[in-house]
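First the structure, in the form of structure tokens, and then the observations on it.
The values are calculated or read from the model by the stated rules, or taken from the named source; none is laboratory data. Remember, it's a predicted structure, so these values are computed and weren't measured experimentally. Don't worry about glycine lacking a Cβ; one is built from the backbone with ideal geometry, like all the others, and counts go over all protein chains shown.
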């Protein structure tokens, strides 16, 4: 059995206002795996991702990525292995040109100009956005911004790619293009999302969080078929797994006249 790439052990976190976000969360993810983390708002999804990205440090418990312990001394090295896509791509796009945004990470790694150029154009090609290299990010569509934000992470060549609600605010065509793109990735993917239909398409494994605790962890097809489990986590089944009221005979029928 190969050693896991990501190991989270008894992770706990409370914010300054006293709200406890994580109560002893533990899980492991192997190289090349695709894990979905789902749960209602406030369940701890984003807090978990922020720890994996090194944006938050454990108050208790531990996080390891590629055998590297998450701590202040190891932050710069760990961040070379992990890339994060935030929910709003505008949080990641701040340079005057798309090329400059994608180049920002490699330039700050101190890479030679030729290597930066190669990484940027390769990352843009992967997401089908080479034609956007000289565009202004704030003039792009939502789907284009998402693609460029992904390219800016890919340019760092991370082993682990974290994504927070990657399909939010996308139109149906852009959402489908993103899912098909992510299906081609070889990186380890850890995705926090409410889009459970995307989970069925993309992630063989699902971890369900509820109030900072793991409620379930297993095969996506099994977990997302369990309506009672999802209801306990304040979630609904993916649309494709919900029974059609017409087909099931449960469509509303007119009430019979009184006395009959």
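Can you name every residue in region 36-65 that is out of contact with any helix residue (DSSP H, G or I) (no Cβ under 8 Å at 6 or more places or on another chain) and under 14 Å from residue 82 (Cβ atoms)?
Those that are out of contact with any helix residue (DSSP H, G or I) (no Cβ under 8 Å at 6 or more places or on another chain) and under 14 Å from residue 82 (Cβ atoms): 48, 49, 50, 51, 52, 53, 55, 64.
Do we find that residue 89 is touching a residue at least 40 places away in the same chain (Cβ under 8 Å) and over 20 Å from the mean Cα position of the chain (by Cα) in this structure? Step through it out loud before you land on a result.
On the way: touching a residue at least 40 places away in the same chain (Cβ under 8 Å): yes; over 20 Å from the mean Cα position of the chain (by Cα): no.
No; evaluated as a whole, the condition is false for this residue.
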Residue within region 220-240 that is farther than 20 Å from residue 127 by Cα, surrounded by fewer than 17 Cβ atoms within 10 Å (Cβ to Cβ), modelled with pLDDT under 90 and more than 17 Å from the chain's Cα centre (by Cα) present: yes
Selected residue [outside any helix (DSSP H, G or I), over 18 Å from the mean Cα position of the chain (by Cα) and at negative phi] from 57, 156, 75, 124: 57
Every residue from region 227-243 that is more than 20 Å from residue 46 (Cα to Cα) and either in contact with a helix residue (DSSP H, G or I) (Cβ under 9 Å, 6 or more places away or on another chain) or in a strand (DSSP E or B) (or both): 227, 229, 237, 238, 239, 240, 241, 242
Where a residue in region 21-33 is on the phi > 0 side of the Ramachandran plot and in contact (Cβ under 8 Å) with a residue 40 or more places away in the chain and its partner, wherever it lies, is part of a loop (DSSP other than H, G, I, E, B) and surrounded by 15 or more Cβ atoms within 10 Å (Cβ to Cβ), with Cβ under 8 Å and at least six apart: 32/187
Single unsatisfied condition, residue 28 versus (1) at pLDDT below 95; (2) outside any loop (DSSP other than H, G, I, E, B); (3) under 20 Å from residue 215 (Cα atoms): (1)
Among the residues listed as 97, 139, the single one being free of Cβ contacts under 8 Å to residues at least 60 places away in the same chain, over 27 Å from residue 34 (Cα atoms), touching a helix residue (DSSP H, G or I) at 6+ places or on another chain (Cβ under 9 Å) and not assigned by TED's automatic domain parsing to the domain that holds residue 8: 97
Residues (more than 14 Å from residue 36 (Cβ to Cβ), in contact with a helix residue (DSSP H, G or I) (Cβ under 6 Å, 6 or more places away or on another chain) and not in a loop (DSSP other than H, G, I, E, B)) located in region 159-186: 174
Qualifying residues in region 199-226 (those that are in a helix (DSSP H, G or I) and in contact (Cβ under 8 Å) with a residue 40 or more places away in the chain) - the one farthest from residue 35 (Cα to Cα): 200
Among (1) touching a strand residue (DSSP E or B) at 6+ places or on another chain (Cβ under 6 Å); (2) at positive phi; (3) at pLDDT below 95, the one test that residue 4 misses: (2)
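Here is a check on your reading of the model: is residue 117 more than 12 Å from residue 154 (Cβ to Cβ) and not in a helix (DSSP H, G or I)?
So residue 117 fails the test.
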